[in-house]
Amino acid sequence: MKQKFLLRSDAAKYLNEKGLPITKGTLAKLASVGGGPKYRLFGNKAVYAPLDLDEWAGERLGEPRVTSAGRASR
């Protein structure tokens, strides 16, 4: 098995290092109510694959926006 898995705290750190603010508590809540990244159980610990985290984060990111100050005046 070559795939690397991250514990929930490490998954939050991984996303934070990519500039995406999330806590391990938020990941835990999303695991129970839905809407979070895919995870697996290893014993009683949730583990996350970095590819699943990247996919989930990409789905949550909105499109780039331009502020009104950046638009040409009419």
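The values are calculated or read from the model by the stated rules, or taken from the named source; none is laboratory data. In this text, all values refer to a predicted model and were calculated from it rather than measured experimentally. So basically every Cβ, Gly included, is an ideal-geometry build from the backbone, and we count neighbours across all protein chains shown. Keep in mind that these areas ignore ligands, DNA and RNA; they rest on the heavy atoms of the full protein, side chains included. Shrake-Rupley method; radii C 1.70, N 1.55, O 1.52, S 1.80 Å.
Over all pairs of different C-alpha atoms in the chain, the reciprocal of the mean inverse distance, the Kirkwood hydrodynamic radius, equals 13.8 Å.
Here the spin labels are modelled as points 7 Å beyond Cα on the Cα-Cβ line, and at VAL47 and VAL33 they lie 2.8 nm apart.
On the chain, 53 percent of the accessible area sits on carbon and sulfur atoms, based on a 1.4 Å probe. Once the 1.4 Å probe is applied to the protein heavy atoms, region 22-74 comes out at 81 Å² accessible per residue. Could you calculate the FRET efficiency of ARG40 with SER9 from 1/(1 + (r/R0)^6), where r is the beta carbon distance between them and R0 is 25 Å, rounded to 0.05? It comes out at approximately 0.95.
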